[in-house]
Amino acid sequence: MEVNDRNSHEEQRNRVIEMASQMFFEQGIRKVRMDDVAAALTMSKRTLYEMFADKEELLLECMKVNQEKKRENAVHVADSADNVLEIVLRLYQYGMEEIKHVHPSMYRDIKKYPKVCEYLSQRKAQSTKNSRGFYETGVRQGLLRADINFDIFQFLVDLSMSGFLTNDLLMERWTLTDVLDTVVRVNMRGICTEKGQRMLDEFLREK
(Lines give C-alpha, C1' and ligand atoms only; values in the text may rest on other atoms or scores of the structure.)
Protein backbone atom coordinates (compact mmCIF):
# COMPACT_ATOMS: atom_id res chain seq x y z
CA MET A 1 0.00 0.00 0.00
CA GLU A 2 2.85 2.38 0.90
CA VAL A 3 4.57 1.64 -2.42
CA ASN A 4 1.40 2.51 -4.33
CA ASP A 5 1.04 5.75 -2.38
CA ARG A 6 4.65 6.71 -3.14
CA ASN A 7 4.17 5.91 -6.83
CA SER A 8 0.96 7.93 -6.95
CA HIS A 9 2.65 10.89 -5.25
CA GLU A 10 5.60 10.71 -7.66
CA GLU A 11 3.30 10.54 -10.69
CA GLN A 12 1.34 13.54 -9.45
CA ARG A 13 4.56 15.46 -8.77
CA ASN A 14 5.82 14.70 -12.27
CA ARG A 15 2.53 15.92 -13.75
CA VAL A 16 2.92 19.21 -11.91
CA ILE A 17 6.49 19.65 -13.15
CA GLU A 18 5.48 18.83 -16.73
CA MET A 19 2.56 21.28 -16.70
CA ALA A 20 4.49 24.05 -14.92
CA SER A 21 7.43 23.67 -17.32
CA GLN A 22 5.14 24.08 -20.31
CA MET A 23 3.54 27.16 -18.78
CA PHE A 24 6.84 28.78 -17.73
CA PHE A 25 8.41 28.29 -21.14
CA GLU A 26 5.38 29.34 -23.18
CA GLN A 27 4.18 32.28 -21.06
CA GLY A 28 7.30 33.43 -19.23
CA ILE A 29 7.92 32.85 -15.53
CA ARG A 30 6.54 36.14 -14.23
CA LYS A 31 3.10 35.61 -15.71
CA VAL A 32 2.62 32.14 -14.25
CA ARG A 33 1.33 32.00 -10.68
CA MET A 34 1.08 28.94 -8.47
CA ASP A 35 -2.70 29.44 -8.64
CA ASP A 36 -2.51 29.14 -12.43
CA VAL A 37 -0.59 25.86 -12.24
CA ALA A 38 -3.06 24.41 -9.75
CA ALA A 39 -6.00 25.49 -11.91
CA ALA A 40 -4.46 23.99 -15.06
CA LEU A 41 -4.16 20.67 -13.26
CA THR A 42 -7.58 20.96 -11.55
CA MET A 43 -5.67 20.57 -8.30
CA SER A 44 -6.17 22.37 -5.02
CA LYS A 45 -3.61 25.00 -4.08
CA ARG A 46 -3.07 23.19 -0.80
CA THR A 47 -2.03 20.01 -2.59
CA LEU A 48 0.34 21.94 -4.82
CA TYR A 49 1.98 23.71 -1.90
CA GLU A 50 2.38 20.39 -0.08
CA MET A 51 4.61 19.27 -2.96
CA PHE A 52 6.42 22.56 -3.63
CA ALA A 53 6.92 25.20 -0.95
CA ASP A 54 6.84 28.11 -3.39
CA LYS A 55 7.16 29.10 -7.02
CA GLU A 56 10.97 29.12 -6.96
CA GLU A 57 11.12 25.54 -5.69
CA LEU A 58 8.77 24.46 -8.48
CA LEU A 59 10.75 26.40 -11.07
CA LEU A 60 13.99 24.84 -9.85
CA GLU A 61 12.59 21.34 -10.27
CA CYS A 62 11.38 22.25 -13.75
CA MET A 63 14.87 23.45 -14.68
CA LYS A 64 16.44 20.26 -13.31
CA VAL A 65 14.15 18.11 -15.44
CA ASN A 66 14.81 20.28 -18.49
CA GLN A 67 18.58 20.12 -18.01
CA GLU A 68 18.47 16.34 -17.59
CA LYS A 69 16.55 16.00 -20.86
CA LYS A 70 19.21 18.11 -22.58
CA ARG A 71 21.97 15.97 -21.08
CA GLU A 72 20.32 12.74 -22.23
CA ASN A 73 19.85 14.15 -25.72
CA ALA A 74 23.49 15.27 -25.86
CA VAL A 75 24.65 11.78 -24.85
CA HIS A 76 22.46 10.21 -27.53
CA VAL A 77 23.76 12.59 -30.19
CA ALA A 78 27.39 12.05 -29.14
CA ASP A 79 26.99 8.26 -29.28
CA SER A 80 25.61 8.34 -32.83
CA ALA A 81 27.67 11.16 -34.41
CA ASP A 82 30.81 10.66 -36.50
CA ASN A 83 32.69 13.75 -35.34
CA VAL A 84 32.66 16.79 -33.06
CA LEU A 85 31.20 19.18 -35.62
CA GLU A 86 28.29 16.85 -36.32
CA ILE A 87 27.56 16.81 -32.60
CA VAL A 88 27.61 20.61 -32.43
CA LEU A 89 25.34 21.01 -35.44
CA ARG A 90 22.82 18.41 -34.33
CA LEU A 91 22.63 19.94 -30.86
CA TYR A 92 22.26 23.32 -32.55
CA GLN A 93 19.25 21.97 -34.46
CA TYR A 94 17.79 20.64 -31.22
CA GLY A 95 18.31 23.98 -29.49
CA MET A 96 16.78 25.97 -32.33
CA GLU A 97 13.70 23.77 -32.28
CA GLU A 98 13.38 24.12 -28.52
CA ILE A 99 13.56 27.92 -28.38
CA LYS A 100 10.75 28.26 -30.92
CA HIS A 101 8.46 27.44 -28.00
CA VAL A 102 10.16 29.66 -25.40
CA HIS A 103 8.70 33.01 -24.42
CA PRO A 104 11.32 35.78 -24.86
CA SER A 105 10.94 36.91 -21.23
CA MET A 106 11.79 33.45 -19.88
CA TYR A 107 15.52 34.11 -19.62
CA ARG A 108 15.08 37.57 -18.12
CA ASP A 109 12.61 36.30 -15.54
CA ILE A 110 14.99 33.60 -14.29
CA LYS A 111 17.34 36.26 -12.89
CA LYS A 112 14.81 36.99 -10.13
CA TYR A 113 15.22 33.49 -8.67
CA PRO A 114 18.65 33.09 -6.99
CA LYS A 115 18.40 29.36 -6.30
CA VAL A 116 17.60 28.67 -9.93
CA CYS A 117 20.41 30.96 -11.11
CA GLU A 118 22.86 29.20 -8.81
CA TYR A 119 21.82 25.79 -10.12
CA LEU A 120 22.11 26.85 -13.77
CA SER A 121 25.46 28.51 -13.05
CA GLN A 122 26.79 25.25 -11.60
CA ARG A 123 25.57 23.30 -14.62
CA LYS A 124 27.17 25.83 -16.95
CA ALA A 125 30.49 25.64 -15.07
CA GLN A 126 30.52 21.86 -15.36
CA SER A 127 29.64 22.05 -19.05
CA THR A 128 32.45 24.54 -19.66
CA LYS A 129 34.91 22.29 -17.83
CA ASN A 130 33.91 19.31 -19.96
CA SER A 131 34.11 21.28 -23.22
CA ARG A 132 37.93 21.46 -23.18
CA GLY A 133 38.30 17.80 -24.19
CA PHE A 134 35.52 18.22 -26.72
CA TYR A 135 37.32 21.07 -28.51
CA GLU A 136 40.62 19.19 -28.45
CA THR A 137 38.94 16.25 -30.15
CA GLY A 138 37.70 18.61 -32.87
CA VAL A 139 41.26 19.84 -33.43
CA ARG A 140 42.56 16.27 -33.76
CA GLN A 141 39.80 15.54 -36.27
CA GLY A 142 40.97 18.48 -38.38
CA LEU A 143 37.64 20.31 -38.02
CA LEU A 144 38.55 22.97 -35.45
CA ARG A 145 41.53 25.31 -35.60
CA ALA A 146 44.49 24.56 -33.35
CA ASP A 147 45.36 28.24 -32.87
CA ILE A 148 42.20 29.08 -30.90
CA ASN A 149 42.20 29.61 -27.13
CA PHE A 150 39.00 27.70 -26.48
CA ASP A 151 38.77 28.82 -22.85
CA ILE A 152 38.50 32.42 -24.05
CA PHE A 153 36.18 31.39 -26.89
CA GLN A 154 33.79 29.62 -24.50
CA PHE A 155 33.86 32.57 -22.09
CA LEU A 156 33.00 35.03 -24.88
CA VAL A 157 30.20 32.83 -26.21
CA ASP A 158 28.64 32.51 -22.75
CA LEU A 159 28.99 36.25 -22.17
CA SER A 160 27.43 37.22 -25.49
CA MET A 161 24.58 34.72 -25.15
CA SER A 162 23.76 36.01 -21.68
CA GLY A 163 23.70 39.58 -22.96
CA PHE A 164 21.52 38.76 -25.96
CA LEU A 165 18.96 36.78 -23.97
CA THR A 166 18.40 39.58 -21.48
CA ASN A 167 18.44 42.54 -23.88
CA ASP A 168 14.90 43.88 -24.31
CA LEU A 169 15.72 46.04 -27.34
CA LEU A 170 17.31 43.13 -29.18
CA MET A 171 14.36 40.86 -28.49
CA GLU A 172 11.94 43.54 -29.73
CA ARG A 173 13.71 43.81 -33.10
CA TRP A 174 14.45 40.15 -33.81
CA THR A 175 13.21 36.75 -32.74
CA LEU A 176 15.26 34.70 -30.31
CA THR A 177 15.74 32.10 -33.04
CA ASP A 178 17.18 34.66 -35.47
CA VAL A 179 19.59 36.05 -32.86
CA LEU A 180 20.94 32.67 -31.78
CA ASP A 181 21.14 31.44 -35.38
CA THR A 182 23.38 34.40 -36.29
CA VAL A 183 25.54 33.99 -33.19
CA VAL A 184 26.14 30.31 -33.86
CA ARG A 185 26.91 30.82 -37.56
CA VAL A 186 29.48 33.55 -36.86
CA ASN A 187 31.14 31.82 -33.93
CA MET A 188 31.33 28.40 -35.54
CA ARG A 189 32.88 29.68 -38.77
CA GLY A 190 35.51 31.48 -36.72
CA ILE A 191 36.82 28.34 -35.02
CA CYS A 192 36.48 25.91 -37.94
CA THR A 193 39.25 24.86 -40.29
CA GLU A 194 38.56 24.96 -44.04
CA LYS A 195 37.43 21.35 -43.80
CA GLY A 196 35.14 22.23 -40.95
CA GLN A 197 33.78 25.28 -42.76
CA ARG A 198 32.86 23.17 -45.78
CA MET A 199 30.95 20.81 -43.51
CA LEU A 200 29.29 23.75 -41.76
CA ASP A 201 28.28 25.37 -45.06
CA GLU A 202 26.80 22.12 -46.32
CA PHE A 203 24.79 21.76 -43.13
CA LEU A 204 23.47 25.33 -43.36
CA ARG A 205 22.47 24.89 -47.01
CA GLU A 206 20.43 21.82 -46.12
CA LYS A 207 18.92 23.40 -43.01
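Round to the nearest 0.05 the FRET efficiency obtained for Gln67 and Arg198 when R0 = 35 Å and r is the Cβ-Cβ distance.
Details: r = 33 Å, r/R0 = 0.95.
In this case the efficiency is close to 0.60.
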Query raised in the report: Taking the mean number of other Cβ atoms within 10 Å as a proxy for protection, how do you rank 189-202, 112-125 from highest to lowest?
Result: 189-202, 112-125
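Which order do the peptides 148-158, 28-38 take when ranked by the mean count of other beta-carbon atoms within 10 Å per residue, highest first?
Working: 148-158: 14.0, 28-38: 16.5.
Output ranking for 148-158, 28-38: 28-38, 148-158.
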Report summary line: the range 123-166 and the range 51-79 have their Cα centres apart by a whole-number Å value of 22
Report summary line: Tilt, helix 84-99 to longest principal axis of the chain (alpha-carbon atoms), in degrees rounded to tens, equals 40
Query - Estimated dipole of the range 112-154 in Debye, rounded to 20 [Cβ of Lys and Arg +1, of Asp and Glu -1, Cα centre] - result: 240
Requested in this report: Report the full-extension gain for the segment Val75 to Ser160: residue separation times 0.36 nm, less the Cα-Cα distance, to one decimal in nm.
Outcome: 28.0 nm
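Size of the dipole of the chain about the Cα centre, Lys and Arg at +1 and Asp and Glu at -1 on the beta carbon, nothing else charged, in debye to 20? Show your work: numbers first, answer last.
On the way: 32 positive and 34 negative charges, 89 e Å.
The dipole of the chain has a size of about 420 debye.
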Report summary line: HN-Hα couplings for the range 33-43 via Karplus (6.51, -1.76, 1.60; θ = phi - 60°), in whole Hz with x for Gly/Pro, come out as 9, 4, 4, 5, 5, 4, 5, 5, 9, 6, 10
Query - Those residues of the range 77-92 whose amide nitrogen sits under 14 Å from the label point placed on Glu206, 7 Å along Cα→Cβ - result: 81-83, 85-91
Requested in this report: Would you mind checking which residues have amide H under 5 Å from Cys192's amide H? H placed 1.01 Å from N; only 5 or more apart, or other chain.
Outcome: Arg145
Requested in this report: Can you work out the accessible area per residue across the range 99-207, with the rest of the protein chains kept in place, probe 1.4 Å, in square angstrom?
Outcome: 63
Query raised in the report: To the nearest 20 debye, what is the magnitude of the charge dipole of the range 83-206 about its Cα centre, counting +1 on the Cβ of each Lys and Arg and -1 on the Cβ of each Asp and Glu?
Result: 300
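Pairs to check: Lys64/Lys115; Lys31/Lys69; Lys70/Lys195; Lys69/Lys124. Give those whose C-alpha atoms are more than 22 Å from each other in this structure. Please report the intermediate quantities before stating the final value.
On the way: Lys64/Lys115 12 Å; Lys31/Lys69 24 Å; Lys70/Lys195 28 Å; Lys69/Lys124 15 Å.
Long pairs (Cα-Cα over 22 Å): Lys31/Lys69; Lys70/Lys195.
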Requested in this report: On the protein heavy atoms, probe 1.4 angstrom, tell me the percent of accessible surface of the range 63-170 carried by carbon and sulfur.
Outcome: 56
Report summary line: In degrees rounded to 10, the 0-90 angle between helix 2-27 Cα long axis and the longest Cα principal axis of the chain is 60
Query raised in the report: Going by the alpha-carbon gyration tensor, a ≥ b ≥ c the square roots of its eigenvalues, is the range 100-207 rounded (a/c under 1.5) or, if a/c is not under 1.5, prolate (a/b greater than b/c) versus oblate?
Result: oblate
**Report entry** Extension gain, Lys112 back to Asp35 (0.36 nm per residue minus Cα-Cα distance, nm)
**Finding:** 25.8 nm
**Report entry** Cβ-based charge dipole, the range 80-197, positive-most Cα from Met188, Leu85, Cys117
**Finding:** Cys117
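The values are calculated or read from the model by the stated rules, or taken from the named source; none is laboratory data. Model, not experiment: these values are computed from the prediction. When we count neighbours, we look across all protein chains shown, and the Cβ atoms used for this are built from the backbone with ideal geometry, even at glycine. Accessible surface is based on the protein model in full, side chains and every heavy atom, while ligands, DNA and RNA are left aside. Shrake-Rupley method; radii C 1.70, N 1.55, O 1.52, S 1.80 Å.
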